[in-house]
């Protein structure tokens, strides 16, 4: 049985993001995606319930539901590397117990890490997320909690809650734990998920975007396909779901038992790609030529790649000199990851070098990169020479004046926080500047508000979902924005914080002194007996005399103390330069069998000498030469063995030891880190006078309504669940599927928290077939499997934990008798009654496969539509009417039902025989 429950991003919902769904296949609980909402919505979209002290956001229900089910999850599958699909996974992994095995592709792991790191770092630099409070609130002995700002002390009742933002260390640990797969790589799961097989396929839209195929022996095939794109882009190929050459659906993904897909854009008609690209380039060129600037909000890892490739190609073609500024803290790291995953890219990037010498240099040419290392295409592509990286707006203003024309790509695309929001506050007040939106943004954010403002100003035929390119609008009026900043403490606040710090240090020092005093008192109580003390003194004298005899010599010449020492730096580097530290400084003379003069050292040996201080002589300076190669001429790399030994030690250590080691290393790093000056978080409201221009161009890279209505009927699932769709789009897709006769009518659109059950509960058991029964089976081959009809008796043996299926003997069958048995005489010459064997046919007829088999044996066939195949003379054109009697029509009326119509002829029996061969006939003996 399959149970599906949307945690967030359900159908018929105004809040379509983030995406997170709970899929239960029998006893296995699978989490499909684990996205995070925008943690900084606009105040106008904050809901304050009656009697509540704190605001409750629309995603609070989702977070509570995920927190409750996280420890029970058995498998996690991530489909895309953006915040809407992977944003909350690090927090749930670190703090909510989501320790189940997670799978995704390598680019999704890398891009998800970049996107989440950018988001959490940007939020933590602007506001207090209260992550320390979640742990400290469980301690009843504390009455005050220190929030991220060192000077801010909040009582428990005022502590913030509801914003679940992970730390950078938690993000790294969570994504390191994810298992990565290649496209079309089947993975047979173990443990509680044993029996399930997962296979990732290319979904388009983002780098490494995945369609998940889940195969269960009891529930069939489940296809999870959300946010797919069938169109080929500059840096990506279209989804594998639609094969352009075959003009149909990819065969391994066709006809699943359950399809889980989204309908977010089922009612949208997208404009043509060349029109969108032309409008984007024309707007940028015209704005920069007029000495104005452009602000382009974008994401940090996924869709920004398409924009960068498009802009770089235009800059190279038009030879523009204006700077392209990318405001992101992880921009360089993102491009480094992408350059190392060139095999995952498609479009024009997979055929050309994009980013250094234009788009004409082929990848077979070898050149030298920035570091002087020679490499092939992969390391030299996507090096955008016009692109400049900045971590914050202050760094941008230090390089370029606000009056210089430039193109600014700033994160995030929602403009809810970070550099994009800070720049917009100053950018929107300058006339002739252009704010260019490439996505609608999440509901409740500044990006969505600007999109709604632009869409409402368009004519009805030019709106974004009508397939037309709208025009830019001039914004006017005022807009109030809440700005968050982190500022250092000054004046009285700084003094109060320092006073509290001194009080805390004095308290800690007093505690340490008390601990030391108690330790000394305990040590004073441990007094050894006199006999033990005398024995220890005698042993010490013997050891001292032996060591002094070996290590010291006495020389009467001058009575000066001479010590030969090797310098510390030389000992560390292995150099043979010896010297002494005398009054004249360091010398480089070597001494052999004579003592060195000069006041070298005043120190004596470890043990005291009764005869006063002794003189030291230097030993002959012998340096052992280490072998660099072994007996076979192979270079000895000691570092390799040391690293291997360290890896083996880490694998052998227990979880407790590993956690202790990681905690110790983290504490050492924290002590070595530069201490941040005391600061506090400040929130203020500003009023922005809008004077710039606003334009929206759809560059999200998703299917529109026409593609969705075409692809889903070709997939032809047996059952379908719609998610991630507003109410109108959900109804449009359901109505479109209802008009197709061959399309399934089992279509579900559950709301958030609503569970949908498909099928029945099936319990699977393990049986062992005996050799006697196995010899009597008549197996039929079906696809890659052999199937047969089995009738037997289950026997449990004492020496085996698995029951055995054995044949039923004639004596073991029970004889059922009734009180009155009437024996009717058999007619003369009649045969005895024989019970017909039970039989069934396994498989599904595909008319295209039947047509190919008939063509191989010389029978012509032609598809005439509506699921009908004409075979024989009827498939030939210009045939006389008398030969049409040998025509046969094969029609599929429903799932598992085939009708064969025609006169009794050789063609009829030939077609029937081939239909039988396309199925597996399973019969009982």
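The values are calculated or read from the model by the stated rules, or taken from the named source; none is laboratory data. What you see is a predicted model; the values in this text were computed from it and never measured. When we count neighbours, we look across all protein chains shown, and the Cβ atoms used for this are built from the backbone with ideal geometry, even at glycine.
Can you tell me which residue is surrounded by the fewest Cβ atoms within 10 Å (Cβ to Cβ) among those in the stretch 457-468 that are within 23 Å of residue 284 (Cβ to Cβ) and free of Cβ contacts under 8 Å to residues at least 12 places away in the same chain?
462
Tell me which residues, restricted to the stretch 173-190, are over 15 Å from residue 224 (Cα atoms) and either in contact (Cβ under 8 Å) with a residue 60 or more places away in the chain or not assigned by TED's automatic domain parsing to the domain that holds residue 28 (or both).
173, 174, 175, 177, 178, 179, 180, 181, 182, 187, 189 - these are the residues of the stretch 173-190 that are over 15 Å from residue 224 (Cα atoms) and either in contact (Cβ under 8 Å) with a residue 60 or more places away in the chain or not assigned by TED's automatic domain parsing to the domain that holds residue 28 (or both).
What's the total number of residues in the stretch 434-446 that are in contact with a strand residue (DSSP E or B) (Cβ under 6 Å, 6 or more places away or on another chain) and either surrounded by fewer than 22 Cβ atoms within 10 Å (Cβ to Cβ) or closer than 15 Å to residue 700 by Cβ (or both)? It would help to see each step written out before you state the result.
Pass one, the stretch 434-446, residues in contact with a strand residue (DSSP E or B) (Cβ under 6 Å, 6 or more places away or on another chain): 434-437.
Remaining after also requiring either surrounded by fewer than 22 Cβ atoms within 10 Å (Cβ to Cβ) or closer than 15 Å to residue 700 by Cβ (or both): 436-437.
Matching residues across the stretch 434-446 total 2.
Residues to consider are 335, 288; find the one that is over 30 Å from residue 106 (Cβ atoms) and out of contact with any strand residue (DSSP E or B) (no Cβ under 6 Å at 6 or more places or on another chain). Break it down stepwise before answering.
On the way: 335 fails: over 30 Å from residue 106 (Cβ atoms).
Every option except 288 fails the conditions.
For the stretch 71-85, how many residues meet the condition of being in contact with a strand residue (DSSP E or B) (Cβ under 8 Å, 6 or more places away or on another chain) and assigned to a helix (DSSP H, G or I)?
1
Of all residues in the stretch 869-886, which are in contact with a strand residue (DSSP E or B) (Cβ under 9 Å, 6 or more places away or on another chain), modelled with pLDDT under 85 and either surrounded by 15 or more Cβ atoms within 10 Å (Cβ to Cβ) or closer than 18 Å to residue 916 by Cα (or both)?
Those that are in contact with a strand residue (DSSP E or B) (Cβ under 9 Å, 6 or more places away or on another chain), modelled with pLDDT under 85 and either surrounded by 15 or more Cβ atoms within 10 Å (Cβ to Cβ) or closer than 18 Å to residue 916 by Cα (or both): 872, 874, 875, 886.
For the stretch 469-495, enumerate the residues that are in contact with a helix residue (DSSP H, G or I) (Cβ under 9 Å, 6 or more places away or on another chain), surrounded by fewer than 16 Cβ atoms within 10 Å (Cβ to Cβ) and part of a loop (DSSP other than H, G, I, E, B).
471
Taking the conditions exactly as written (touching a residue at least 60 places away in the same chain (Cβ under 8 Å), surrounded by fewer than 20 Cβ atoms within 10 Å (Cβ to Cβ), closer than 30 Å to residue 124 by Cβ and touching a helix residue (DSSP H, G or I) at 6+ places or on another chain (Cβ under 6 Å)), does residue 682 satisfy them or not? Show your work before the answer.
On the way: touching a residue at least 60 places away in the same chain (Cβ under 8 Å): yes; surrounded by fewer than 20 Cβ atoms within 10 Å (Cβ to Cβ): yes; closer than 30 Å to residue 124 by Cβ: yes; touching a helix residue (DSSP H, G or I) at 6+ places or on another chain (Cβ under 6 Å): no.
Here the answer is no, as residue 682 does not meet what is asked.
Condition first: over 17 Å from residue 743 (Cβ atoms), outside any loop (DSSP other than H, G, I, E, B) and modelled with pLDDT of 90 or more. Now tell me which residues in the stretch 231-274 satisfy that.
Selection gives 262, 269, 273, 274.
Those residues that are part of a strand (DSSP E or B) and buried (at least 24 other Cβ atoms within 10 Å of the Cβ), I need them from the stretch 97-128; list them, please. Working first, answer last.
Filtering the stretch 97-128 down to residues part of a strand (DSSP E or B) leaves 102-105.
Residues satisfying the conditions are 104, 105.
What about residue 430, is it surrounded by 13 or more Cβ atoms within 10 Å (Cβ to Cβ), within 26 Å of residue 308 (Cβ to Cβ) and out of contact with any helix residue (DSSP H, G or I) (no Cβ under 9 Å at 6 or more places or on another chain)?
It is true that residue 430 is surrounded by 13 or more Cβ atoms within 10 Å (Cβ to Cβ), within 26 Å of residue 308 (Cβ to Cβ) and out of contact with any helix residue (DSSP H, G or I) (no Cβ under 9 Å at 6 or more places or on another chain).
Taking residue 228 as the residue in question, decide whether it is in a strand (DSSP E or B), crowded, with 17+ Cβ neighbours inside 10 Å and not assigned by TED's automatic domain parsing to the domain that holds residue 418.
No, not satisfied.
Kindly establish whether residue 739 is surrounded by 10 or more Cβ atoms within 10 Å (Cβ to Cβ), at negative phi and modelled with pLDDT of 80 or more.
Working: surrounded by 10 or more Cβ atoms within 10 Å (Cβ to Cβ): no; at negative phi: yes; modelled with pLDDT of 80 or more: yes.
No.
Conditions first: (1) under 27 Å from the mean Cα position of the chain (by Cα); (2) loosely packed, with under 11 Cβ neighbours inside 10 Å. Residue 722 passes all but one, so which condition is the exception?
Exception for residue 722: condition (2).
Please go through the stretch 318-338 and give me each residue that is in a helix (DSSP H, G or I) and in contact with a helix residue (DSSP H, G or I) (Cβ under 6 Å, 6 or more places away or on another chain), ordered by number. First the steps, then the outcome.
Kept after step one, since they are in a helix (DSSP H, G or I), are these residues of the stretch 318-338: 318, 331-338.
Passing the criteria: 334, 337.
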